[in-house]
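Below you'll find the structure, written out as structure tokens, and then a few comments.
The values are calculated or read from the model by the stated rules, or taken from the named source; none is laboratory data. For clarity, every value in this text was computed on a predicted model and none was experimentally measured. Here the Cβ is made from the backbone with ideal geometry for all residues, glycine too, and neighbour counts use every protein chain on show.
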Amino acid sequence: MIVEHPKISDTASFGIDVFTETARKKMITKKHYNRSAKEFDQLNIGSPVLLQDFTSQKRKWQEGRVVEQLSDRSYLASNNTIDKAVRRNRSDLRQMVQGHNAAEKMPEGHNASGEKARDKMPRSKSRW
């Protein structure tokens, strides 16, 4: 005995609209993701930026320039120390304000050496 399976067009007879349900789930997922997503300003080609160096363990920020915009959030940036351009996401680039010293150029939460500042708790004196 051969059993025929229902065709895609027959899904309406089951009361299921698969495509509408998939689209609804995608919208919900997008809504939840965008709650914490951050919008960044576009960078101009040639503008000075700070870019994260992923070659070192400390991920220091280094000065460079935007060479090319690859997509909405992806850029090619050249590092001032190396002649090679590297691809960076917009979240790994910070636009520099010209006329400020290096300590003022660092992104919020970073110290002058480019490392992330850590809050140091004062040690409590033990009674023992």
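If you scan region 42-72, which residues turn out to be under 16 Å from the mean Cα position of the chain (by Cα) and of a type in the set (S, T, N, Q)? Steps first, please.
Within region 42-72, the first condition is being under 16 Å from the mean Cα position of the chain (by Cα), and the residues that meet it are 42-43, 49-54, 59, 61, 69-72.
Within region 42-72, GLN42, GLN52, GLN69, SER71 qualify.
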Review point. How many residues, within region 64-98, are in a strand (DSSP E or B) and either in contact with a helix residue (DSSP H, G or I) (Cβ under 6 Å, 6 or more places away or on another chain) or closer than 24 Å to ALA37 by Cα (or both)?
Key: 14
Review point. Could we say that VAL86 is within 18 Å of the chain's Cα centre (by Cα) and modelled with pLDDT of 90 or more here?
Key: no
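For every residue, the table says whether it meets (1) in a loop (DSSP other than H, G, I, E, B); (2) loosely packed, with under 10 Cβ neighbours inside 10 Å; (3) at pLDDT 80 or above.
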residue	(1), (2), (3)
GLU4	yes, yes, no
THR11	no, no, no
THR29	no, no, yes
GLU39	yes, yes, yes
LEU50	no, no, yes
SER56	yes, no, no
GLN62	no, no, yes
